[in-house]
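Below is one structure; the comments refer to it alone.
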Amino acid sequence: MIEVKNITKHYGKHTALENVSFTLEKGDILGFLGPNGAGKSTTMNIITGYISSDSGDVIINGINILDDPTNAKKNIGYLPEMPPLYNDMIVEKYLSFMFDLKKVRLPKKEHISEICKKVGIDDVQDRIIKHLSKGYRQRVGLAQALLGNPPVIILDEPTVGLDPAQIIGIRKLIRELGEKHTIILSSHVLSEIEAVCDKIIIINNGKIAAQGATDELTGSGKGTRIIRLEIEGREQAIYSALKNTDNVISVNKIGETEKGCYAFTVESKKDIRRAVYRAVSRTDCNILMMQPQGHSLEETYLNIISGKDN
Ligand code: ADP
Ligand code: MG
């Protein structure tokens, strides 16, 4: 569906992207994760044909964006970091204007009204864009990206500046869109990418630092979780209780942390905090501390970006 091969981009002497390559299949939701200045927007601008790379190729649905930009771009809906909204326009007029600009060949009225329903702006269609909340304006930007039903949707930091309720709304929408479209979205927030994407690329200083399926990159590559416990009681009794808890993969003894209190790490397939609590309660031991350990994606990400402020 999308092939990005060895793209490199310089701004003067500054290398914004170096040899970035990846491929995406139909229906993938790819998260582009990286700190500010990593090269996320530059990559997206190149994929959408908005700017050109110095070298490398972008092939969308078999079409090289340099050979046939018009047809390649028809496959892509783009919501840039700053949505290109005309703030004095009424939502419906704006979408109608963009529909014409994109030369969409679908029944106009029906298509626009269908998209407005999909992104939840049908109740503000006759409002002036600048009077809308940031969450609604973002949805209008998204509606613009969906005009013409492009198979690929590219969203640059779609939740920046939204409040938590709006963020949840937009994430839900992205997941729904993922059922019919191939999606690339960028974010500098790990939890966001983890919540919506099935593939992740971590980019830093213009280079791909890690990539893989979300469940490969989280939880030590096995999709597992680790919790650290400190429990007061007899070490062997605690060990047995933990070991016999459902869904536990392994229990690791760490040693005595204070008199009569032992630390363990427990690896499991699911969230077993409640089951551990119940299992330990059945013995005469007391849990003094229970703490989920960082996912390996978080560790990987923090290791990659630490000390490399751009
Ligand atoms: P991100 O979206 O990950 O925050 P960008 O792709 O916007 O990062 O930027 C990557 C790097 O390229 C940054 O160091 C940024 O300062 C630089 N850059 C981006 N656009 C330009 C430009 N038009 N001119 C010069 N430098 C730029
Ligand atoms: Mg950016």
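The values are calculated or read from the model by the stated rules, or taken from the named source; none is laboratory data. None of the values given here were measured: they were computed from a predicted structure. Cβ coordinates were reconstructed from backbone atoms using ideal geometry, including for glycine residues, and neighbour counts include every protein chain displayed. We work out accessible area using only protein heavy atoms, side chains counted, and drop any ligands, DNA or RNA first. Shrake-Rupley method; radii C 1.70, N 1.55, O 1.52, S 1.80 Å.
Observations on the structure shown:
- Residue among A279, Q211, S240 farthest towards the positive dipole end of the range 205-288, charges placed on Cβ: Q211
- Loop-located trypsin sites (Lys or Arg not before Pro) in the range 1-74 whose Cβ has at most 12 other Cβ within 10 Å (DSSP): K13, K26
- Per residue, the chain exposes 51 Å² of accessible surface when a 1.4 Å probe is rolled over the protein heavy atoms with every protein chain present.
- Heavy atoms of C285: accessible area, 1.4 Å probe, square angstrom to 10: 10 Å²
- Each residue of the range 196-208 is assigned a 3J(HN,Hα), and the resulting list reads 10, 9, 9, 10, 9, 10, 9, 10, 8, 6, x, 10, 6 Hz, derived from the Karplus form 6.51 cos²θ - 1.76 cosθ + 1.60 (θ = phi - 60°), x at Gly and Pro.
- Given +1 at the Cβ of Lys and Arg, -1 at the Cβ of Asp and Glu and no other charges, the dipole of the chain around its Cα centre is 460 debye to the nearest 20.
- Cα extents of the chain along the three principal axes, largest first (Å): 74, 47, 31
- Here M1 sits with roughly 50 square angstrom of accessible surface, probe radius 1.4 Å.
- Residues whose amide H comes within less than 5 Å of that of T257, counting only those at least five positions distant or on another chain, are Y262, A263 (H built at 1.01 Å from N in the peptide plane).
- Heavy-atom accessible area with a 1.4 Å probe sorts H14, H111, largest first, into H14, H111.
- Amide H contacts under 5 Å for A16, placed H, 5+ residues apart: K9, H10, Y11
- log10 of Debye I(q)/I(0), alpha-carbon scatterers only, for the range 1-93 at 0.15, 0.20, 0.26 Å⁻¹: -0.64, -1.03, -1.47
- Around C261: net Lys/Arg minus Asp/Glu count, Cβ-Cβ under 9 Å: -3
- Rounded if a/c under 1.5, otherwise prolate or oblate - the range 138-234, Cα gyration tensor axes: prolate
- Structure-based [θ]222 nm, the chain - -39500 (n - 2.57) summed over DSSP H runs of at least 4, per residue, nearest 500: -9500 deg cm²/dmol
- Where GluC sites (Glu not before Pro) fall in DSSP loop in the range 151-241, at most 16 other Cβ within 10 Å: E179
- Reachable lysines from K9, criterion Cα separation under 29 angstrom, eight or more residues apart if same chain: K26, K40, K73, K74, K102, K199, K207, K308
- Between the range 161-230 and the range 247-306, the Cα center-to-center distance that results, in Å: 24 Å
- For the chain, modelled as a GNM whose springs connect Cα atoms under 10 angstrom apart, the maximal fluctuation among S186, S52, S133 occurs at S133.
- Average projection, convex hull of the Cα set of the range 46-135: 6.9 square nanometres.
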